[in-house]
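Undergrad: This is the structure I want to talk about, given as structure tokens.
Nothing in this text is a laboratory measurement; each read-out follows from the coordinates by a stated rule. The shown structure was predicted, so the numbers you read here are calculated from the model rather than taken from an experiment. Reconstructed Cβ throughout: ideal geometry from the backbone, glycine too, with neighbour counts over all protein chains shown.
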Amino acid sequence: MNLLYTNDKRGEYPDSWYSATANTLPRFPTLKGSLKADVCVIGGGFTGLSTALHLAQKGYDVVLIEAQRVGWGASGRNGGQVSGGWNKDQADLEKMQGMDDARHLFNIARDSVDCVRSLVAKHAIACDLRDGVAHVEWQAQHVPDSHAAARHVRDAYGYEQMELLDRKAATDLMGTQAYHGGTLDWGAAHIHPLNFALGLAKAAAAVGVRIFEQSEVSKIVKGNPVNAVTPRGRVEADFLVLGCNGYLGGLNPPVAAKVMPINNFIAATEPLGQDRAEALIAKDIAIADSKFVVNYFRRSADNRMLWGGGESYGWKFPRDIRALVSKPMLEVYPQLRDVKLDYAWGGTLAITMNRMPVFARLAPNILNASGYSGHGVALATLAGEITARAIAGQAEQFDVLARVPSYSFPGGTLLRWPGLVLAMTWYAMRDRLGK
């Protein structure tokens, strides 16, 4: 099953609030015939667009190939949270990688947010950039650990932008008593992700990147040069970058064994008006909670509630995404029961066994960056800059990330999905029981 076409129309963005409010960008052509380039980038999401842009700014001749439209995949469908962190606490990374690499990883995470902010400012990308992301706890017993982790990064790394939230502060901030406290990171941000991706594409094209849409790569022919083959064309390049994330398919089996696609879903309410929207989220921040099946939500620029969450097991999107997403939303905000959901959409992201991304040299001239496990807005954007520097001969950060262990899912690509279903069912049950 090809996830590029399983749930979506060819060459069309999903019917999301993001696509309905997207900045205009003309279509790029389909690849026809043979081309030569210094670097071929596969994938038109944050990883690919950022890689191409940074390489072109260094003087490289770059071709970017996208199977659908630029920003069409997870990059244009996600919750828009620009969080400078990993899916592991910093203390866990210290145990995993040692203090030196843990410090590098902390700096990379913080640099990823700065990278997004810098690109937005430099290229005047209109994407509703706002400060602040809160992480709130579903169970009271986890609040002390959350606060301890924030104090640790303050004391050990000098990061002082984390505000500690107790039960009252969380309730005042969000207009619900569902959460017991948590943290608010003022160094993080949130954006309109599709407009950010379109802005990167426009900036890349302006510095000479040749972008091709609706040009699915069917085969990579290793060698020096390396070749990327599409149904109607071919690109011959000195280097190739894989930035496919959840839509990799069978293009590279070693990466596919470690990076698993999963579906997630978002809905946008009708406009609520400023007063009602601020009664739900008092400050214009984004929020994610501690449930295993994470709820993530924020106000849109036109005062809608954008709510991500819900469980779905299978490659195909459920028939009624609105019903799926509204269930956890109403659990937190029963006062939205009378509100219409104007948009509901799904998308495919990618997770890994240890929830850390997979950076790898698959051959001397083939690099991969993927598997951001829900932290892709910031990390994938910086991954492009890091990959570009690695191709230019400055590989320190790429190598730090490549040293993070990556593991194949048990059972390979055939049996990994049933295992995930069992795990998600178990942890979702624990969420409901308040464990």
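Undergrad: Whose amide H sits under 5 Å from the amide H of residue 36, counting only residues 5 or more places off or on another chain, with H placed in the peptide plane?
TA: Those qualifying (amide H under 5 Å, at least 5 residues apart or on another chain) are 236.
Undergrad: About the Cα centre of region 254-383, how large is the charge dipole given +1 on each Lys and Arg Cβ and -1 on each Asp and Glu Cβ? Please answer in debye to the nearest 20.
TA: 420 debye
Undergrad: With a ≥ b ≥ c taken as the square roots of the eigenvalues of the C-alpha gyration tensor of region 74-168, please select rounded if a/c is under 1.5 and otherwise prolate if a/b is larger than b/c or oblate if it is not?
TA: Verdict is oblate for region 74-168.
Undergrad: For the chain, how big is the tail of P(r) above 41 Å, as a whole percent of Cα pairs?
TA: Result for the distance tail: 11 percent.
Undergrad: Also: For residue 9, which aspartates and glutamates qualify as cross-link partners when the Cα separation must be under 19 Å and same-chain residues fewer than eight apart are set aside?
TA: Those aspartates and glutamates meeting the cut-off are 66, 213, 216, 320.
Undergrad: So what's the projected area for region 34-98, the Cα convex hull averaged over all directions, in nm²?
TA: Projected over every direction and averaged, the Cα hull of region 34-98 covers 6.8 nm².
Undergrad: Turning to a different aspect of this structure: Expressed as a rounded percentage, what relative contact order does region 44-104 have, with Cα pairs under 8 Å and six or more residues apart?
TA: 31 percent
Undergrad: While we're here: Where nothing but the Cβ of Lys and Arg (+1) and of Asp and Glu (-1) is charged, how large is the charge dipole of the chain around its Cα centre, in debye to the nearest 20?
TA: 1140 debye
Undergrad: Which of the three applies to region 115-255, rounded, prolate or oblate, going by the alpha-carbon gyration tensor with a ≥ b ≥ c and a/c under 1.5 meaning rounded?
TA: It is prolate, given that a/c is not under 1.5 and a/b is the larger ratio.
Undergrad: Any chance you could check the Cα centroid distance between region 327-399 and region 19-61 for me, in angstrom?
TA: Taking the Cα centre of region 19-61 as reference, the centre of region 327-399 is 18 Å away.
Undergrad: Separation of region 268-306 and region 204-225 by C-alpha centroid, Å?
TA: When both Cα centres are located, 37 Å separates them.
Undergrad: Take the Cα coordinates of region 1-118, assign each an equal point scatterer, and use the Debye formula without solvent to give log10 I(q)/I(0) at q = 0.15 Å⁻¹.
TA: Reported log10 I(q)/I(0), two decimals: -0.91.
Undergrad: What do you get for the angle between helix 46-57 and the principal long axis of the chain? Use alpha-carbon atoms, 0 to 90 degrees, nearest ten.
TA: 50 degrees
Undergrad: Specify which residue in the list 50, 132, 115 is farthest towards the positive end of the charge dipole of the chain, using unit charges on the beta carbon of Lys, Arg (+1) and Asp, Glu (-1), about the Cα centre.
TA: Among 50, 132, 115, the one farthest towards the positive end of the dipole of the chain is 50.
Undergrad: OK, next. If you filter region 320-371 for trypsin sites (Lys or Arg not before Pro), then keep DSSP loop positions with at most 13 other Cβ within 10 Å, what is left?
TA: Filter output for region 320-371: 337, 340.
Undergrad: Provide the gained length on full extension for the span residue 89 to residue 36, in nm with one decimal, where the gain is 0.36 nm per separating residue minus the Cα-Cα distance.
TA: 14.7 nm
Undergrad: For every other residue with a beta carbon closer than 14 angstrom to the beta carbon of residue 55, add +1 if it is Lys or Arg and -1 if Asp or Glu, then tell me the sum.
TA: -1
Undergrad: Give 88/122; 36/58; 122/283 a once-over and call out the pairs whose C-alpha atoms are over 21 Å from each other.
TA: 88/122; 122/283
Undergrad: Please give the net charge around residue 165, taking every other residue with its beta carbon less than 14 angstrom from that of residue 165, where Lys and Arg add +1 and Asp and Glu add -1.
TA: -3
Undergrad: Extension gain residue 140-residue 394, at 0.36 nm per residue separation less the Cα-Cα distance, in nm?
TA: That works out to 86.9 nm of additional length.
Undergrad: Next up: Can you tell me how region 152-204 classifies by the Cα gyration tensor, rounded, prolate or oblate, using a/c under 1.5 as the rounded cut?
TA: Verdict is oblate for region 152-204.
Undergrad: Beyond 18 Å, how much of the Cα-Cα pair distribution for region 1-44 remains, as a whole percent?
TA: Percentage above 18 Å: 51.
Undergrad: Calculate how steeply helix 193-206 sits against the longest principal axis of the alpha-carbon atoms of the chain, using the helix alpha-carbon long axis, and give the answer as 0 to 90 degrees to the nearest 10.
TA: 30 degrees
Undergrad: Taking only Cα atoms, what is the 0 to 90° angle, nearest 10, from helix 143-157's long axis to the longest principal axis of the chain?
TA: Here the helix axis deviates by roughly 50 degrees.
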